[in-house]
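Undergrad: Supplied in structure tokens, the structure appears directly below.
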Amino acid sequence: MLQKSLSKLIGIKKEQFDNYILTGQIQLQPARLIPALKTGDEMALTSIFLTALKLIKEFRDGFFKEIGLSRSGKAFYYTEASFKDISTSRIDGLIIIISKGKIIDAAFLEMKSGKNNLDKEQLERYITIAKKLKVPKLITVSNEFVADSTHSPVKIKAPKSISLFHFSWTYLITRGQLLLFKNETNIEDKDQIEIMKEVLFYFENPLSGIKGYSQMKPGWKELCENIHAHKSLKLKDSYIEDAVISWHEEEKDMSLLLSRKLGVLVKPASKFKDRIKDDIKAIVKDNAIIGGISVKGAVSDVIIKADFERRVISMSIKIIPPLDKRNSARVTWISKQLMNCTKRSEISFGKINNDLWVESNIKFAQENLKIKLSDLSNLTDLIKDKKDIQAFHISYHKSLGAKFANSKKVIEILEDMILNFYIGVVQYMTNWKRPAPKVVEIKPINEGLNIIAETSPKIGEDSLLMKTENDLNVSKIEDEDFQINDIE
């Protein structure tokens, strides 16, 4: 017997939900780890992914946290969901959260594989269904990359009551791989570890339909050619936006590549609010775009720049030298760090050392003093009469020529560059840290009275401690010789 027409999911009892299934008003299938479907089928991917969420706690917790799905109740996972009272459309995935017998949260999922991209009209239909059923989340997954999970590859608007999220399959695979590393977020249960391995084995197989980021959008090549031909650029040119989005996607791809190598989640360094508009303006003005990646614990963010006019890619890091030493000692300090790189990563460093530059950020100077790494021994003489060096920038420059405009080749080069630069240089560089203030003993001012004073960068005007050269016999020791303790 049919129940009354289905008008919402959030708020109804699980018993009512099950009755709607019995009457056929809701049609769906429970997610299976081993679905009876063809390898590479989108429904197979959906079923396996949802079952991985169901069976692997840490994988589920990370995903639910990112999409803001409630973790306080019990989750149920379904595929091929359709709601006959609302629409004839069939939605790839459905997650519902049950607490105290009622549905308190839910999410729709739309999955694509292979060369299939998200369809705007299809998503608009799903948004309409979500709105009618009061489902607050719509998640899309495909081989398309985005800079951030709150962005979508499709230009689409949703009501404020519905949150849209997008994930590339590569990102989800990376999150799964990170859980297998020995770190604070790894999977505790041994059986769940084995399930995660099997899921990743399926996802990483070429037959699954999952592939990484391999090609810039057509706008990248068009922009390169127009700049090379000295054509004027306009902010409204659609191909410039295509190129900028491609750059953001590749930035994300490089971050995920390093994540899989390091075992920690690496993220793009730039903030994404209005970034597309800002980068379009930068290209029109300077014929260049700047991005970066952030690795927790690294000496600094890796800044990445694409110069369309010169067809050069550059990557750089910033290092703070000992600010309590003279310039000559600071040069010696950075030289020792770079020598350490050559010893600890001979192969990767050897691939890039001819393209490495050292820039000195000199106090009050309008421009950095820039020299090739091979000329580093001359740096002390060059900065002899200059103000203090505030920082060093180690940069890796590579001229691509015609390959810069090649939408596939440029990605291969970027990924090769970031790996060699990080392995050969970044991971071994460290910033100087100002030593902690030392406690010194001062001669008694009055008989029988010992005063202990703590050195401090500043002494306030109301300080009770007053001392003169006659009162204290403190010798100043200055030693320019030092060693870098944390370098083997």
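The values are calculated or read from the model by the stated rules, or taken from the named source; none is laboratory data. What you see is a predicted model; the values in this text were computed from it and never measured. When we count neighbours, we look across all protein chains shown, and the Cβ atoms used for this are built from the backbone with ideal geometry, even at glycine.
Undergrad: Determine which single condition residue 210 fails, assuming it passes every other condition in (1) in contact with an Asp or Glu (Cβ under 8 Å, 6 or more places away or on another chain); (2) surrounded by fewer than 17 Cβ atoms within 10 Å (Cβ to Cβ).
TA: (2)
Undergrad: For the stretch 227-266: of the residues being of a type in the set (Val, Ile, Thr) and over 13 Å from the mean Cα position of the chain (by Cα), which is nearest to residue 176 (Cα to Cα)? Break it down into steps so the answer makes sense when it comes.
TA: Keep residues of the stretch 227-266 that are of a type in the set (Val, Ile, Thr), which gives 227, 240, 244-245, 264, 266.
Narrowing further to those that are over 13 Å from the mean Cα position of the chain (by Cα): 227, 240, 244-245.
On the way: 227: 41, 240: 34, 244: 29, 245: 26 Å.
Taking the candidates together, the pick is 245.
Undergrad: Go through 173, 195, 187 for me and flag whichever is among the aliphatic types (A, V, I, L, M), modelled with pLDDT under 95 and surrounded by 15 or more Cβ atoms within 10 Å (Cβ to Cβ).
TA: The unique qualifying residue is 187.
Undergrad: Considering only residues that are acidic (Asp, Glu) and under 16 Å from residue 109 (Cβ atoms), which ones fall in the stretch 19-68? Outline the logic, then answer.
TA: Here is the first cut: in the stretch 19-68, the ones acidic (Asp, Glu) are 41-42, 58, 61, 66.
Scanning the stretch 19-68 gives 41, 42, 66.
Undergrad: Separate question: Report yes if some residue within the stretch 156-170 is part of a helix (DSSP H, G or I) and assigned by TED's automatic domain parsing to the domain that holds residue 18; otherwise report no. If you could, list the steps in order and put the result at the bottom.
TA: So the first thing to find is which residues in the stretch 156-170 are part of a helix (DSSP H, G or I), and the list is 169-170.
With the extra rule that they be assigned by TED's automatic domain parsing to the domain that holds residue 18, the set shrinks to 169-170.
Yes: one or more hits.
Undergrad: Report those helices (runs of 4 or more DSSP H) wholly inside the stretch 195-298 carrying at least 1 residues which are touching a Gly at 6+ places or on another chain (Cβ under 9 Å).
TA: Numbers: elements: 218-228, 238-262, 275-286.
Answer list for the stretch 195-298: 238-262, 275-286.
Undergrad: Just one of 345, 328, 316 is modelled with pLDDT under 95 and under 26 Å from the mean Cα position of the chain (by Cα); which is it?
TA: On the way: 328 fails: under 26 Å from the mean Cα position of the chain (by Cα); 316 fails: modelled with pLDDT under 95.
Matching residue, one of 345, 328, 316: 345.
Undergrad: Which one of the conditions (1) surrounded by 18 or more Cβ atoms within 10 Å (Cβ to Cβ); (2) farther than 26 Å from residue 250 by Cα does residue 125 fail to meet, given that it meets all the rest?
TA: (1)
Undergrad: Conditions: (1) of a type in the set (Gly, Ala, Ser); (2) part of a loop (DSSP other than H, G, I, E, B); (3) more than 27 Å from residue 194 (Cβ to Cβ). Residue 36 meets all but one. Number of the miss?
TA: So residue 36 meets the others, but not (3).
Undergrad: Would you call residue 395 closer than 21 Å to residue 311 by Cα and either out of contact with any Lys or Arg (no Cβ under 7 Å at 6 or more places or on another chain) or not charged (D, E, K, R) (or both)? Explain how you work it out, then say what you get.
TA: Values: closer than 21 Å to residue 311 by Cα: yes; either out of contact with any Lys or Arg (no Cβ under 7 Å at 6 or more places or on another chain) or not charged (D, E, K, R) (or both): yes.
Considered against the rule, which asks whether it is closer than 21 Å to residue 311 by Cα and either out of contact with any Lys or Arg (no Cβ under 7 Å at 6 or more places or on another chain) or not charged (D, E, K, R) (or both), residue 395 comes out as yes.
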